[in-house]
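Colleague: Got a structure for you, questions after.
The values are calculated or read from the model by the stated rules, or taken from the named source; none is laboratory data. Model, not experiment: these values are computed from the prediction. Cβ sites come from the backbone with ideal geometry, for glycine too, and all protein chains shown count toward neighbours. Accessible surface is based on the protein model in full, side chains and every heavy atom, while ligands, DNA and RNA are left aside. Shrake-Rupley method; radii C 1.70, N 1.55, O 1.52, S 1.80 Å.
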Amino acid sequence: NAGVTQTPKFQVLKTGQSMTLQCAQDMNHEYMSWYRQDPGMGLRLIHYSVGAGITDQGEVPNGYNVSRSTTEDFPLRLLSAAPSQTSVYFCASRVVVGNQPQHFGDGTRLSIL
Amino acid sequence: DQQVKQNSPSLSVQEGRISILNCDYTNSMFDYFLWYKKYPAEGPTFLISISSIKDKNEDGRFTVFLNKSAKHLSLHIVPSQPGDSAVYFCAASGSNDYKLSFGAGTTVTVRA
């Protein structure tokens, strides 16, 4: 049971570098989302998608891009990393029918120097 | 402006006693509430949920209570066990809205 898989688990970047955080789920969930977790602030929604080809912004979208070409994958792109993007990033997925919980991956810890 | 608030950053409880975690929300459109548990270096794991048509939901040692008029919910863990030591997040969403709003979390430590 893979569930939601995130790669890499850890990454260190220099300011201005770009990178893509990968997220894949094998549960055929329509809804996928990205959160960042910062101390004292809980999890904040960055971007989300309700199906392939459909994406929308969450609470803190600036500096991040997403795309959803397949049901399984939902990558998060940092085009020009900034120290303020140092955080732990979580990907989650759920079905869109009824009240159902989101299932989370184990996160990517990202440091921007 | 945070719509879900967990005002207690930490809670210490003796093994075998009750743990009570509290959560307040401000958005009256929220109608589905969840609690997640998180261990270090792992993702949040779903624990228990409640919809606004109920005021209580129980699952083993975990019970969630919802007071809609006060916009308040609580999680009771009875009895508390060492494996319950973790960060607990309260979350909420509205009707036909898949987005979750999270509280800042409460770190629970169960003492032997």
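Colleague: Taking only protein heavy atoms and a 1.4 Å probe, what accessible area per residue, in Å², does the stretch A:14-61 have with all protein chains in place?
Modeller: 46
Colleague: Filter the trypsin sites (Lys or Arg not before Pro) in the stretch A:1-88 to those in DSSP coil with at most 10 other Cβ atoms within 10 Å of their Cβ, and list the result.
Modeller: Sparse-neighbourhood loop trypsin sites (Lys or Arg not before Pro): A:K14.
Colleague: Of the accessible area of the stretch B:11-62, with the probe set at 1.4 angstrom, what percent is carbon plus sulfur?
Modeller: 48
Colleague: If you don't mind, another one. Pick from B:Y36, B:Y88, B:Y98 the residue whose mean-square fluctuation is largest in a GNM of chain B, springs joining Cα atoms under 10 Å.
Modeller: B:Y98
Colleague: How much of the DSSP bridge set in the protein assembly as shown is antiparallel, in percent, rounded to the nearest 5?
Modeller: Of the beta bridges lying entirely in the protein assembly as shown, close to 90 percent run antiparallel.
Colleague: For chain B, what is the accessible area per residue in Å², given a 1.4 Å probe and the full set of protein chains?
Modeller: 49
Colleague: Within the set of other residues whose C-beta is less than 14 Å from the C-beta of B:K71, count the net charge using Lys and Arg as +1 and Asp and Glu as -1.
Modeller: Value of the local net charge: -1.
Colleague: I'd like the projected area of the protein assembly as shown, averaged over all directions, using the convex hull of its alpha carbons. Report it in nm² with one decimal.
Modeller: Averaging across all directions leaves 12.3 nm² for the Cα convex hull.
Colleague: Kindly compute the accessible surface that chains B and A hide from a 1.4 Å probe when together, both sides summed, and give it to the nearest 100 Å².
Modeller: Buried surface at the B/A interface: approximately 1600 Å².
Colleague: If you average the C-alpha positions of the stretch A:54-85 and of the stretch B:1-51 separately, how far apart do those two centres end up, in angstrom?
Modeller: 26
Colleague: Which entries of A:K14/B:K5; A:K9/B:K71; B:K38/B:K71; A:K9/B:K68 have Cα-Cα distances beyond 31 Å here?
Modeller: A:K14/B:K5; A:K9/B:K71; A:K9/B:K68
Colleague: Within 10 Å of each Cβ of B:42-51, how many other protein chain Cβ atoms are there on average?
Modeller: Rounded to a whole number, the mean comes out at 5.
Colleague: Can you tell me which aspartates and glutamates have their Cα less than 17 Å from the Cα of B:K54? Leave out same-chain residues fewer than eight positions away.
Modeller: Within the straight-line cut-off, B:K54 pairs with B:D24, B:D31.
Colleague: Based on a Kirkwood Rh over C-alpha pairs, give the Stokes-Einstein translational diffusion coefficient of the stretch A:41-81 at 4 °C and viscosity 1.567 mPa s in µm²/s.
Modeller: Once the numbers are plugged in, D ends up at 120 µm²/s.
Colleague: Short version: which residues of the stretch A:18-39 lose at least 10 Å² of accessible area, all chains versus chain alone, 1.4 Å probe?
Modeller: A:Y31, A:Y35, A:Q37
Colleague: For the stretch B:1-97, take the convex hull of the Cα atoms, compute a quarter of its surface area, and give me that in nm², please.
Modeller: Result: 6.6 nm².
Colleague: Taking only the alpha carbons of chain A, what extent do you get along each of the three principal axes, in Å, biggest first?
Modeller: Each principal axis gives a Cα extent; for chain A these are 41, 28, 27 Å.
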